[in-house]
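Everything on this sheet refers to the single structure shown next.
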Amino acid sequence: MSTQSTARPVGATDLRARKGGEPIVALTAYLANTAAIADPHCDVLLVGDSLGMVVHGYPSTLPVSLELMILHGSAVVRGARRALVAVDMPFGSYEASPEQAFASASRVMAETGCGAVKLEGGARMAETIAFLVARGIPVMAHVGLTPQAVHTFGGFKTQGRERAQWEAIEADAIAVETAGAFSVVIEGVVEPLAARITETLAIPTIGIGASAACDGQILVMEDMAGLTPRVPRFVKRYGELGTALDEAVRAYADDVRARRFPGEAHVYAPTSE
Ligand code: KIV
């Protein structure tokens, strides 16, 4: 049954139960207004740390702070009604120890009201995932191309092109499932590997640049809606909001310069006369 027909909010356990069922629809959201538009159509709204690059103009996700994630996370929770809101743990806020991760993740949960956190890393993060889950924090994991490790990957490169890389990536996915993650994002891996992981795991896989073989898909909303100038090759554009906004701003500027704005309807008469 589609979670879209249920009125109550989607929880991590609902999402976990979607394995092998209707594909999971996920998008990133950073703001209350766009979250409200996407919410009726999505199962998951991810407040991704990609917001650092997409809306704050950073060259990578590394400068994103916990405070910034909490600010955007609370905005998205205010805009969403039904979708599961998951908030990314930013670089440096969880890797040092399970205790550090709990201190950061509990702030995210308490201060935003979100339903889950997401963190990057496979086997190396398994102990931390188990620690968080045992303390009541639902965790979405993220394996394959993990953007916070861009400097160790040497760029945003598809993972698993070499057959020799498969074993480690699959082991990462199994490790996060064993640790208690309720779902896992698989980013930038070749199709046969994504298919193999999806078949092996009992939790849903959510793909980005990882083929249609996954249990669901996620995209950056601004990428699929045409608001970002350059997008990865795998992104299908479903709109041209950048062009629409450019035209709207241009028309407004033309009106102001030609003194056509504000129109008569918008002239406020003094009230004190
Ligand atoms: O930060 C992000 O937006 C993400 C998704 C693209 C999976 O991690």
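Would segment 77-89 turn up any residue that is open to solvent by less than 50 Å² (accessible area, probe 1.4 Å), more than 16 Å from I218 (Cα to Cα), within 12 Å of the ligand (Cβ to nearest atom) and not in a helix (DSSP H, G or I)? Yes: one or more hits.
Pairs are defined by a Cβ separation below 6 Å, a sequence spacing of at least 6 or placement on different chains, a first member in segment 185-200 that is on the phi > 0 side of the Ramachandran plot, and a second member that is open to solvent by less than 30 Å² (accessible area, probe 1.4 Å); the pairs so defined are G188/G144; G188/L145; G188/Q159; G188/G209. Taking L132, is it within 15 Å of the ligand (Cβ to nearest atom), within 23 Å of A29 (Cβ to Cβ) and either open to solvent by less than 10 Å² (accessible area, probe 1.4 Å) or small (G, A, S) (or both)? The answer is no for L132.
If you take the residues in segment 64-76 that are within 16 Å of the ligand (Cβ to nearest atom) and without any contact (Cβ under 8 Å) to a residue 24 or more places away in the chain, which one is nearest to E127 (Cα to Cα)? Out of the qualifying residues, it is L68.
On the basis of being in a helix (DSSP H, G or I), over 21 Å from M224 (Cβ atoms) and under 17 Å from the mean Cα position of the chain (by Cα), does L62 make the cut?
no
The numbered conditions (1) farther than 22 Å from A36 by Cα; (2) among the β-branched types (V, I, T); (3) at pLDDT 95 or above are all true for V256 except (3).
For (1) under 20 Å from the mean Cα position of the chain (by Cα); (2) within 22 Å of L31 (Cβ to Cβ), each residue gets a yes or a no:
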{"residue": "C214", "(1), (2)": "yes, no"}
{"residue": "M224", "(1), (2)": "yes, yes"}
{"residue": "R233", "(1), (2)": "yes, no"}
{"residue": "K236", "(1), (2)": "yes, no"}
{"residue": "G239", "(1), (2)": "yes, yes"}
{"residue": "A244", "(1), (2)": "no, yes"}
{"residue": "A253", "(1), (2)": "no, no"}
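Listed residues P40, P98; which is open to solvent by 30 Å² or more (accessible area, probe 1.4 Å) and in contact (Cβ under 8 Å) with a residue 24 or more places away in the chain?
On the way: P98 fails: open to solvent by 30 Å² or more (accessible area, probe 1.4 Å).
So the residue among P40, P98 that is open to solvent by 30 Å² or more (accessible area, probe 1.4 Å) and in contact (Cβ under 8 Å) with a residue 24 or more places away in the chain is P40.
Scanning segment 192-214 for residues that are open to solvent by 20 Å² or more (accessible area, probe 1.4 Å) and either within 11 Å of the ligand (Cβ to nearest atom) or under 21 Å from E22 (Cβ atoms) (or both) turns up A195, E199, T200, A202, I208, G209, S211, A212, A213. Would it be correct to say that S104 is more than 11 Å from the ligand (Cβ to nearest atom), assigned to a helix (DSSP H, G or I) and surrounded by 20 or more Cβ atoms within 10 Å (Cβ to Cβ)? Yes; evaluated as a whole, the condition is true for this residue. Pairs meeting the criteria (first residue in segment 230-250 and outside any loop (DSSP other than H, G, I, E, B), second residue open to solvent by 70 Å² or more (accessible area, probe 1.4 Å), beta carbons under 8 Å, at least 6 apart or on different chains) are L241/L227; G242/L227; G242/P229; L245/L227. Could you tell me which residue of segment 23-47 is farthest from the ligand (Cβ to nearest atom), considering only residues that are within 21 Å of L119 (Cβ to Cβ) and assigned to a strand (DSSP E or B)? Result: I24.
The values are calculated or read from the model by the stated rules, or taken from the named source; none is laboratory data. All of these numbers come straight from a predicted model, not from anything done at the bench. Note: ideal-geometry Cβ built from the backbone for every residue, glycine included; neighbour counts use all protein chains shown. We work out accessible area using only protein heavy atoms, side chains counted, and drop any ligands, DNA or RNA first. Shrake-Rupley method; radii C 1.70, N 1.55, O 1.52, S 1.80 Å.
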